[in-house]
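Read through the structure below, which is laid out as structure tokens, and then see the notes.
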Amino acid sequence: MKVPYEYAIIRAVPRVERGELINVGVLLYCQRRDFLAARTHLHDERLLALDPDADAAGVRAALTGWEATCAGGGAAAAMSPGERFRWLVAPRSTILQAGPVHMGLAEDPAAELDRLVELLVR
């Protein structure tokens, strides 16, 4: 049976004032399955094409933080998966930003997350 889910693309914006970005991951939340996860992949060459001075290692470390937040680590430990998702997709002016939230239907949220990462990031 297919269940609804919400997802947002994680974007790296190395120079916020220029507004240029690359897709570096996907967040997916499925309330019915109590599922929240992020899958990330950073193309160093793409990031450095937008800003040769970008700190790829720092961006990669921050992405690991997003994945940990989804899993309930750190300051997000007391939050529900839905609260963590809403916190991560809230607008911000940092190098990592979540795009608009989209909806979909899937039988397996984890498999759908993998599919979206292949389609939108890799």
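What follows draws every value from the coordinates through simple rules; no lab data is involved. All figures in this text were calculated on a predicted structure; none of them were measured in a lab. Positions of Cβ are backbone-derived with ideal geometry, glycine not excepted, and every protein chain shown enters the neighbour counts.
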- Overall dimensions of the range 57-119 by Cα: Rg and Dmax, Å: 12.8, 35
- Message: At 222 nm, what value in deg cm²/dmol follows for the chain if DSSP H runs of at least 4 each add -39500 (n - 2.57) and the sum is divided by all its residues, to the nearest 500?
- Response: -10500 deg cm²/dmol
- Message: I'd like the FRET efficiency for R32 and A68, computed as 1/(1 + (r/R0)^6) with the beta carbon distance as r and R0 of 30 Å, rounded to 0.05.
- Response: 0.80
- Query: For the pair T94 and R15, how long in nm is the line joining their label points, each one 7 Å along Cα→Cβ?
  - Reply: 2.2
- Query: In whole Å, how far is the Cα centre of the range 8-29 from that of the range 68-122?
  - Reply: 12
- Message: At R0 = 30 Å, how high is the FRET efficiency between D108 and D44 if r is their beta carbon distance? Nearest 0.05 is fine.
- Response: 0.45
- Query: If you count, for each residue, the other Cβ atoms within 10 Å and average over each peptide, how do 84-91, 21-28, 97-104 line up from highest to lowest?
  - Reply: 21-28, 84-91, 97-104
- Note on the structure: In nm, the gap between the two label points placed 7 Å beyond Cα toward Cβ at A77 and L120 is 3.0
- Query: According to the Kirkwood expression over distinct Cα-Cα pairs, how big is the hydrodynamic radius of the range 1-111, in Å?
  - Reply: 14.5
